[in-house]
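Novice: The structure is given below, and queries will be raised subsequently.
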Amino acid sequence: AGKRISVSGSHEIHDDIANQWVNSLRTANAPIFSLDLEGNITEWNDGAAQITNFSEKDVVGKSFFEFLSEDHVKTSKSIFKSILNGNSMTNFEIEMRTRQGHFVCILLNVTKRFNTEGSVVGFFGIGQDITERKHDELERS
């Protein structure tokens, strides 16, 4: 049996299950990423790479905000600050720049990320590409 590790507080799971969970997040088609407290990208999954055409190697260590449209930087920084202050922010929209210079619209959920001691070390984000839906809405209006 695998070694037991703590996940989100008092829940414990075997490390082999944790590794499967991590692999599922890494290969998910949804954009999933983590940031440090300064907003620098520390993890970037395959879904984020597919949507933006930036690989994990391209983005890790860079500011998440440099990949946003100028219109969304100030608001996004404010939202991240609000999350650190204990507020919940779900389903907010951002525009992310692709390698080709186009923008995709992402519906984003962000939570605080904790280390094993329970200290906040950054953010964890998961999104959904809603670019096509936004284009359809504009065409209908």
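Novice: Counting only residues that are free of Cβ contacts under 8 Å to residues at least 12 places away in the same chain and either open to solvent by less than 30 Å² (accessible area, probe 1.4 Å) or of a type in the set (Val, Ile, Thr) (or both), how many does the range 14-53 have?
Specialist: 2
Novice: Okay, moving on. Name the one entry in Arg133, Arg140, Arg99 that is open to solvent by 70 Å² or more (accessible area, probe 1.4 Å), at pLDDT 95 or above and basic (Lys, Arg). If you could, list the steps in order and put the result at the bottom.
Specialist: Details: Arg133 fails: at pLDDT 95 or above; Arg140 fails: at pLDDT 95 or above.
After applying the criteria, what remains is Arg99.
Novice: Can you work out which of the residues in the range 60-83 that are free of Cβ contacts under 8 Å to residues at least 24 places away in the same chain and in contact with a helix residue (DSSP H, G or I) (Cβ under 7 Å, 6 or more places away or on another chain) is most open to solvent (accessible area, probe 1.4 Å)?
Specialist: So, considering only residues that are free of Cβ contacts under 8 Å to residues at least 24 places away in the same chain and in contact with a helix residue (DSSP H, G or I) (Cβ under 7 Å, 6 or more places away or on another chain), the one most open to solvent (accessible area, probe 1.4 Å) is Val73.
Novice: Tell me yes or no: at least one residue of the range 62-83 is on the phi > 0 side of the Ramachandran plot and over 14 Å from the mean Cα position of the chain (by Cα). I'd like the intermediate steps shown before the answer.
Specialist: Of the residues in the range 62-83, the ones on the phi > 0 side of the Ramachandran plot are none.
Within the range 62-83, none of the residues are on the phi > 0 side of the Ramachandran plot and over 14 Å from the mean Cα position of the chain (by Cα).
Novice: Please go through the range 84-96 and give me each residue that is surrounded by 14 or more Cβ atoms within 10 Å (Cβ to Cβ) and hydrophobic (A, V, I, L, M, F, W, C), ordered by number.
Specialist: Met89, Phe92, Ile94, Met96
The values are calculated or read from the model by the stated rules, or taken from the named source; none is laboratory data. Treat the numbers as computed from the prediction; the structure is a model and nothing was measured. Neighbour counts are summed over all protein chains in view; Cβ atoms, including those assigned to glycine, are modelled from backbone coordinates with ideal geometry. When the accessible area is computed, the model is the full protein with side chains, heavy atoms only, and any ligands, DNA or RNA have been set aside. Shrake-Rupley method; radii C 1.70, N 1.55, O 1.52, S 1.80 Å.
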